[in-house]
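The values are calculated or read from the model by the stated rules, or taken from the named source; none is laboratory data. As the structure is a computational prediction, the values presented were derived from the model and not from experiment. With ideal geometry, Cβ positions are generated from the backbone for all residues, glycine too; neighbour counts draw on all protein chains shown.
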Amino acid sequence: MQPDVSDVRCEVLRPPDVLGYKPAKLYVHFYAQDAKELLCDEVDWDDELNAGLVALKVKAIDENNEAQRFSLGLRAALRPAERMYGDGFFNAVLVEWVRASPFAQTVPVQELLPHVHANQPYRGNGNSYENCRDLVQTAIRARALELTENLHYLREKAEGILSAALAQYLDERFSVSVGRALGWK
Amino acid sequence: MEPLVGSKPMVTQVAGGTIPPMPSQDEPYLVCDLLLFIATSSEKMALKEAARQLELPLEGKHVEGVGSFRTMRSIGPNRVNVFETDMGPFGYRGSAATAMRAMSVTSATGIIQLGMAFGAYPTLQNIGDVLVSSSIVTYDFRTMREVPGGNPPYEADYADPKNPTPRFEARESLLNLFANAADDPGGDFRVHVGTFLSGGARIQSASYRNHLLRSVPSGDRPFVGGEMEGVGLPPANVDPAWILVKGISDFADGADPGTFPERRATACNNSVGFVLRTLTKLTEKLQ
């Protein structure tokens, strides 16, 4: 960090497309002590860069933007479970987990859940169900810890951000807003 | 309310009665996890035959405002529906528009485009081998430059740094699924995983095929073949939702048209059979 930089913030920009969003851009703003912007770097969204910025305790410019950023962070964090277990099983475990979680009682997620449908997950005789559920839960809990431990949000703010991020992730995953825009939902 | 964020575990109990009832669905077979896209009558026939052999349902449905589709209900953990498209990406029933519509009405998170492709290497691949896309390169997206005195007096540049020909990655979960099944494809054919050339042209020229293979950057895996519908799938979702699983029906050289119907049937049967067999075996993998 340059010596005269006193604060660094990031900003996610996701311009709306005809349906959904265009690919995300990540801006990193460097501020002087008098809040004057010294520099702004623009890059295409990159999961690893975002993880690095979180590790460096770089917050987003505001809470709405933080929620957008964390929805993309959730997407990256949940991808290993999706890759390992496939879409149908992962969808089933994820939706079941969300429905049973306290997130289901929060406004953003509550409004979305009636439009999200998945099978009951196959439980089998082994560990796949538990392992997949643990991967889902760990991915979401790790984002919660990032908000409170790395970015130092108070619990209530962190809950709001993560709830909005999860809602946005589910919305995009299950094409809820896109379907609504087309008049289907 | 129980804290969402903090030192306490957020959620651990998911057993039986704690799960809220699933909301009722107006169209119970419309919502699904995976979409199968088919584009020709040969692919439709192959799908019917493979479903019959594997004893899977394939029921026609019609939903007002959505149109006709088929449901295979659940194959293992995936609810699967089938949509027909026109050949190629263009038009209202082309792969691009169908992908956007079908994903939004079904909430599907993955699309498997079935059917036929041309193979890239006649000496290394056989008719009926199945190609699985790790990515596609949309070769129509290129810069055409004047070449004074050249023959022809223009050339295609696929690596213009200001306007590079894009490469789109396939869905990781589907790539993982089908690449892992490649060693045991369930028939007398091989499975090749790699990059596809994708564009709107019906290529029947070995010279043009070789020009593309030589000139277009393939990324981190070699080209395995090419086809026409895949180019329409990336716009359906920012996060890649699609994969191409296609049988080799030809080598884009226009050779031996008399045997094409037979080659086409072999290509469709192998690709459809490989996909359905892999999906049915998923439950065995889930312990």
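Only a single item in (1) in a helix (DSSP H, G or I); (2) of a type in the set (Gly, Ala, Ser); (3) more than 19 Å from residue A:175 (Cα to Cα) is not met by residue A:124, and it is number (1).
Here residue A:47 fulfils each of the conditions (1) under 22 Å from residue A:163 (Cβ atoms); (2) touching a residue at least 12 places away in the same chain (Cβ under 8 Å); (3) buried (at least 16 other Cβ atoms within 10 Å of the Cβ) apart from (3).
Looking at (1) without any contact (Cβ under 8 Å) to a residue 12 or more places away in the chain; (2) surrounded by 15 or more Cβ atoms within 10 Å (Cβ to Cβ), which is the only condition residue B:190 fails? Condition not satisfied by residue B:190: (1). Across the range B:98-129, the number of residues qualifying as part of a strand (DSSP E or B) and closer than 19 Å to residue B:172 by Cβ comes to 4. Annotation: residue B:246 fulfils all but one of (1) of a type outside the set (S, T, N, Q); (2) modelled with pLDDT of 95 or more; (3) assigned to a helix (DSSP H, G or I); the unmet one is (3). For the range B:52-73, a residue qualifies if it is farther than 22 Å from residue B:92 by Cβ, within 13 Å of chain A (Cβ to nearest Cβ) and out of contact with any helix residue (DSSP H, G or I) (no Cβ under 8 Å at 6 or more places or on another chain), and exactly one does: B:73. For residues in the range B:99-148 being of a type in the set (S, T, N, Q) and in contact with a helix residue (DSSP H, G or I) (Cβ under 8 Å, 6 or more places away or on another chain), which is surrounded by the fewest Cβ atoms within 10 Å (Cβ to Cβ)? Per the stated criteria, the residue is B:138.
For the range A:128-185, a residue qualifies if it is hydrophobic (A, V, I, L, M, F, W, C), assigned to a loop (DSSP other than H, G, I, E, B), more than 7 Å from chain B (Cβ to nearest Cβ) and touching a residue at least 12 places away in the same chain (Cβ under 8 Å), and exactly one does: A:151. Restricting attention to the range B:37-69, the residues being part of a loop (DSSP other than H, G, I, E, B) and closer than 20 Å to residue B:245 by Cα number 5.
Kindly indicate the residue of the range A:150-180 that is hydroxyl-bearing (Ser, Thr, Tyr) and at pLDDT below 95 and also surrounded by the fewest Cβ atoms within 10 Å (Cβ to Cβ) among those meeting that condition. Break it down stepwise before answering.
Of the range A:150-180, the ones hydroxyl-bearing (Ser, Thr, Tyr) are A:153, A:163, A:169, A:175, A:177.
From what's left, at pLDDT below 95: A:175, A:177.
Values: A:175: 29, A:177: 18.
If we take residues in the range A:150-180 being hydroxyl-bearing (Ser, Thr, Tyr) and at pLDDT below 95, then A:177 is surrounded by the fewest Cβ atoms within 10 Å (Cβ to Cβ).
In the set B:217, B:234, only one residue is surrounded by fewer than 14 Cβ atoms within 10 Å (Cβ to Cβ) and either within 13 Å of residue B:136 (Cβ to Cβ) or of a type in the set (A, V, I, L, M, F, W, C) (or both); that residue is B:217.
Evaluation of residue B:92 against the conditions (1) modelled with pLDDT of 90 or more; (2) out of contact with any helix residue (DSSP H, G or I) (no Cβ under 7 Å at 6 or more places or on another chain) shows that the sole unmet condition is (1).
Listed here are the residues, each with its yes/no results for (1) touching a residue at least 24 places away in the same chain (Cβ under 8 Å); (2) crowded, with 24+ Cβ neighbours inside 10 Å; (3) of a type outside the set (Phe, Trp, Tyr).
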| position | (1), (2), (3) |
| --- | --- |
| B:36 | yes, yes, yes |
| B:44 | yes, no, yes |
| B:61 | yes, no, yes |
| B:66 | yes, no, yes |
| B:70 | no, no, yes |
| B:74 | no, no, yes |
| B:96 | yes, no, yes |
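Among the residues making up the range A:7-43, a single one is over 15 Å from residue A:59 (Cα atoms), part of a strand (DSSP E or B) and among the basic types (Lys, Arg): A:25. Looking across the range A:82-119, just one residue is crowded, with 20+ Cβ neighbours inside 10 Å, among the charged types (D, E, K, R) and over 21 Å from residue B:28 (Cα atoms), and that is A:82. State whether the residues of the range A:43-55 include one that is in contact with an Asp or Glu (Cβ under 8 Å, 6 or more places away or on another chain) and of a type outside the set (D, E, K, R). Yes, the conditions are met somewhere in the range A:43-55. Taken over the range A:99-115, residues that are at the interface with chain B (Cβ under 9 Å from one of its Cβ atoms) and either part of a helix (DSSP H, G or I) or farther than 30 Å from residue A:49 by Cβ (or both) amount to 9. Does residue A:83 satisfy the condition of being modelled with pLDDT of 95 or more, facing chain B (nearest Cβ under 7 Å) and touching an Asp or Glu at 6+ places or on another chain (Cβ under 9 Å)? For residue A:83, the condition - modelled with pLDDT of 95 or more, facing chain B (nearest Cβ under 7 Å) and touching an Asp or Glu at 6+ places or on another chain (Cβ under 9 Å) - is not met. Taking the criterion of being closer than 19 Å to residue B:144 by Cβ, touching a Lys or Arg at 6+ places or on another chain (Cβ under 9 Å) and at pLDDT 95 or above, the residues of the range B:168-222 that qualify are B:197, B:203. Of all the listed residues (B:192, B:211), the sole one being closer than 26 Å to residue B:123 by Cβ, part of a helix (DSSP H, G or I) and touching a strand residue (DSSP E or B) at 6+ places or on another chain (Cβ under 9 Å) is B:211. With the structure loaded, tell me whether residue B:105 is among the aliphatic types (A, V, I, L, M) and within 14 Å of chain A (Cβ to nearest Cβ) or whether it fails that test. It is true that residue B:105 is among the aliphatic types (A, V, I, L, M) and within 14 Å of chain A (Cβ to nearest Cβ). Within the range A:44-58, restricting attention to residues that are within 15 Å of the chain's Cα centre (by Cα) and part of a loop (DSSP other than H, G, I, E, B), the residue that is farthest from residue A:177 (Cα to Cα) is A:46.
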